[in-house]
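*Asks:* Mind looking over this structure? Questions follow.
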Amino acid sequence: MDFKQIEAFVNVVRYKSFSKAADATFFTQPTISTHIRNLEKELGVKLLDRKSRIVEMTPQGAKFYKYAVEMINARAQAIDALDSDSDNVKGILEIQSSSIPSVTFLPELLAGFRREHSGIQYYVSSSDTQTVVDNIIERRGEIGFVGEEIVSNAIEIVKVATDKVVMIAPLSFDIPDKISMSEAVTYPFIWRETGSATRKSFEAAAVARGYDKEVFDVAALFNDMDSIIRAVEAGLGVAIISERVAQSAGGQFKIVEIEDYNEDRSFYMINLRSISLSPAAEAFSDYVKSRI
């Protein structure tokens, strides 16, 4: 096997598509397909399931993937070690991010780092905190940003930002600027999925104050922050979101303070301890830490 075959496999897994992997790496789709076919032939196993519209790994592919990523990173580190030009940081940096970092402080970090290293390209996948952690463990990304502190010997974690959590409410609800937790839990809620750190934080705070989270009137569940904001504007219910997101959204809703819920949220950068980061990921990690 050669590195072009391995890189083709990793990129198809990243983008879950032969055509998207080809676009991202400036190869043709037939070339990507040929590299994967030759790799599977040499290994004697099927690595990818091509039956559905979204390409997924087979069990054998999942086993091979983590080693493929490490081989690519080791090759990049070896080349970097022989290159005396410290500004020659380039490549595709795969980042996993929960929703709040991806729409608040992460874009600024990405832009700032790329101004220093124009050869960097980003692939950013946005989801909830638990999915980010799972993807980092499965090596679907080298750097992650999450909304809760992860306690795991396998993961290195660095606090990078703080934010306040607020309620946003439809203008039609005519809610006062400040309400109590007992008043807040009476409104219909629009929630993120269960892996959301914001949701878990608020539910834990409500339970600690004697409220059963099962009594919440859940109007809807969304996995997209913009959809939540639009649903609040439409009058579907209230939502608990980042103050930064609320202030930057500029939407037709009201920001409401919950008087007995005044907790700051912290956000963290994570990566696996057990693997060496690629030169691009290591340089980005150092850049983020230098700006804390």
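*Asks:* Within region 125-149, which residues are within 14 Å of Leu93 (Cβ to Cβ), modelled with pLDDT under 90 and under 10 Å from the mean Cα position of the chain (by Cα)?
*Replies:* Ser125, Gly141, listed by residue number.
*Asks:* Would you call Ile179 farther than 20 Å from Ala281 by Cα and more than 15 Å from the chain's Cα centre (by Cα)?
*Replies:* Yes.
*Asks:* Of everything in region 152-165, what is modelled with pLDDT under 90 and of a type in the set (Val, Ile, Thr)? Give them in sequence order.
*Replies:* Val165
*Asks:* If you scan region 227-274, which residues turn out to be within 29 Å of Glu94 (Cβ to Cβ), exposed (fewer than 15 other Cβ atoms within 10 Å of the Cβ) and touching an Asp or Glu at 6+ places or on another chain (Cβ under 6 Å)?
*Replies:* Passing the criteria: only Arg273.
*Asks:* Filter region 44-56 down to the residues that are at pLDDT 90 or above and surrounded by 15 or more Cβ atoms within 10 Å (Cβ to Cβ), then identify the one that is farthest from Tyr67 (Cα to Cα).
*Replies:* If we take residues in region 44-56 being at pLDDT 90 or above and surrounded by 15 or more Cβ atoms within 10 Å (Cβ to Cβ), then Leu48 is farthest from Tyr67 (Cα to Cα).
*Asks:* Can you confirm whether region 24-32 contains a residue that is within 25 Å of the chain's Cα centre (by Cα), part of a helix (DSSP H, G or I) and either not assigned by TED's automatic domain parsing to the domain that holds Pro59 or not basic (Lys, Arg) (or both)?
*Replies:* yes
*Asks:* While we're on this one: Which residues, counting only those in region 139-155, are crowded, with 16+ Cβ neighbours inside 10 Å and more than 9 Å from Phe267 (Cα to Cα)?
*Replies:* Arg139, Arg140, Gly141, Glu142, Ile143, Gly144, Ile150, Ile155
*Asks:* So which pairs qualify, if the first residue must be in region 1-21 and surrounded by 20 or more Cβ atoms within 10 Å (Cβ to Cβ), the second must be among the aromatic types (Phe, Trp, Tyr) and assigned to a loop (DSSP other than H, G, I, E, B), the Cβ gap must be under 6 Å, and the two must be at least 6 apart or on different chains?
*Replies:* Listed by first residue and then by second, the contacts come to nothing, as the list is empty.
*Asks:* Right, here's the next one. Can you tell me which residue is farthest from Ile229 (Cα to Cα) among those in region 168-192 that are out of contact with any helix residue (DSSP H, G or I) (no Cβ under 6 Å at 6 or more places or on another chain) and without any contact (Cβ under 8 Å) to a residue 60 or more places away in the chain?
*Replies:* Of everything passing the filter in region 168-192, Ser182 is farthest from Ile229 (Cα to Cα).
*Asks:* Report, by residue number, each residue of region 1-20 that is farther than 20 Å from Arg75 by Cα and of a type in the set (A, V, I, L, M, F, W, C). Walk me through how you get there before you give the answer.
*Replies:* Looking only at region 1-20, we keep the residues that are farther than 20 Å from Arg75 by Cα, and these are 15-20.
Matches in region 1-20: Phe18 only.
*Asks:* Filtering region 236-254 down to residues that are among the β-branched types (Val, Ile, Thr) and within 23 Å of Ala208 (Cβ to Cβ), which residue is nearest to the chain's Cα centre (by Cα)?
*Replies:* Out of the qualifying residues, it is Ile241.
*Asks:* If I ask for residues that are assigned to a helix (DSSP H, G or I) and of a type in the set (Phe, Trp, Tyr), which ones from region 166-220 would you list?
*Replies:* Selection gives Phe173, Phe202.
The values are calculated or read from the model by the stated rules, or taken from the named source; none is laboratory data. What you see is a predicted model, and the numbers here were worked out from it, not measured in a lab. Here Cβ is always computed from backbone atoms with ideal geometry, including for glycine, and neighbour counts include all displayed protein chains.
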